[in-house]
Amino acid sequence: MNEIIYAGKHLITFSVSTHAHTNWEFIYCTSGEGQLIYNEKCLPYKEGDLLLIPPMVYHRNESSTGFTNIHFNMANPALHLEMPTVLHDDGNHFLLDAVTAIFYHFSSDPGKQSFLLSAYANLFLALVTAHLHAPVQNPVVEEIAGFIIRNYPDENLELDQYLHSLPFNYDYLRKLFKNEVGVTPHRFLSDTRLQAAAERLCRSDKNGRNISEICHLCGFREPLYFSKAFRKKYGVSPSRYQEEKRQALNLLRDGESIKLRPDA
């Protein structure tokens, strides 16, 4: 049973003393970075990372710059890990969405929200399981994906030219990549650029970037094309997406955790 025992959050924090829990603990870093220290080992994490900590593993958190997080405890999830593990959220922020929903519904009236809380707990666990069991890619597919991830900001990137430079048939590469990743290399490039834009839109108020600048920083030449592609993928315009995420983050920052514990 994936029962949520406790949910809370840390505002700006620099250290959390050594402790352990009888149930699984999950910590999503919402900003900053830090280190989880356990058994004389150090597991670094940063914004967008999820920490999975098995029961009765004594650990502490340290950070020189500070971090914020959402954390919760779950009873009996079907996970088979003996030591803490870190997972990286993707540009869609599905893990963050699930974690935020868990915190919100736990903090609401449990009599009215128990069904939704259970549903989000199951969704969260499914996402974690998918991340843990992601298949190992073919080295050629991994090389192509790495090239795209490294070079997607370049507006003049010629992906076809790169694919033709590899010692494999062009059509074979496209088919191999799609079979393993689920999309063609060109779609992967577009999705990578859109995910990067979504991430920048979520934090644009920190660096003053406007939507046109974000468009070019993520490899799109034309703001109009970028806007159409973004709406097709996310269902809303870039400006609307930016505003919705900003409102959600403000609500999260302003909300108060119930049962807040200093060592949670």
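The values are calculated or read from the model by the stated rules, or taken from the named source; none is laboratory data. Just so it is clear, the model here is predicted, and its values are computed rather than measured. Reconstructed Cβ throughout: ideal geometry from the backbone, glycine too, with neighbour counts over all protein chains shown. The area values use the complete protein model at the heavy-atom level, side chains included, leaving out ligands, DNA and RNA. Shrake-Rupley method; radii C 1.70, N 1.55, O 1.52, S 1.80 Å.
Apart from one condition, Ser17 fits all of (1) touching a residue at least 60 places away in the same chain (Cβ under 8 Å); (2) within 14 Å of Thr85 (Cβ to Cβ); (3) open to solvent by 30 Å² or more (accessible area, probe 1.4 Å); the exception is (2).
Could you tell me whether Glu33 is acidic (Asp, Glu) and over 19 Å from the mean Cα position of the chain (by Cα)? In short, no. Based on what the data block shows, is Ile12 within 23 Å of the chain's Cα centre (by Cα), β-branched (Val, Ile, Thr) and open to solvent by less than 20 Å² (accessible area, probe 1.4 Å)? For Ile12, the condition - within 23 Å of the chain's Cα centre (by Cα), β-branched (Val, Ile, Thr) and open to solvent by less than 20 Å² (accessible area, probe 1.4 Å) - is not met.
So that you can scan it fast, the table gives a plain yes or no per residue for (1) among the acidic types (Asp, Glu); (2) open to solvent by less than 70 Å² (accessible area, probe 1.4 Å); (3) more than 23 Å from Gly32 (Cα to Cα):
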{"residue": "Ile144", "(1), (2), (3)": "no, yes, yes"}
{"residue": "Phe147", "(1), (2), (3)": "no, yes, yes"}
{"residue": "Pro167", "(1), (2), (3)": "no, no, yes"}
{"residue": "Arg200", "(1), (2), (3)": "no, yes, no"}
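The combined condition, being surrounded by 14 or more Cβ atoms within 10 Å (Cβ to Cβ) and in a strand (DSSP E or B), is not fulfilled by Val57. Within segment 122-140, the set of residues being modelled with pLDDT of 90 or more and surrounded by 15 or more Cβ atoms within 10 Å (Cβ to Cβ) comprises Leu123, Phe124, Leu125, Leu127, Val128, Val140. Selection of first residues in segment 216-245 that are in contact (Cβ under 8 Å) with a residue 60 or more places away in the chain and under 18 Å from Pro153 (Cβ atoms) and of second residues that are among the charged types (D, E, K, R) and in a helix (DSSP H, G or I), restricted to Cβ pairs under 8 Å at least 6 apart or on distinct chains, gives the following pairs, ordered by first then second residue: Leu217/Arg200; Cys218/Arg193; Cys218/Arg200; Gly219/Arg193; Phe220/Arg193.
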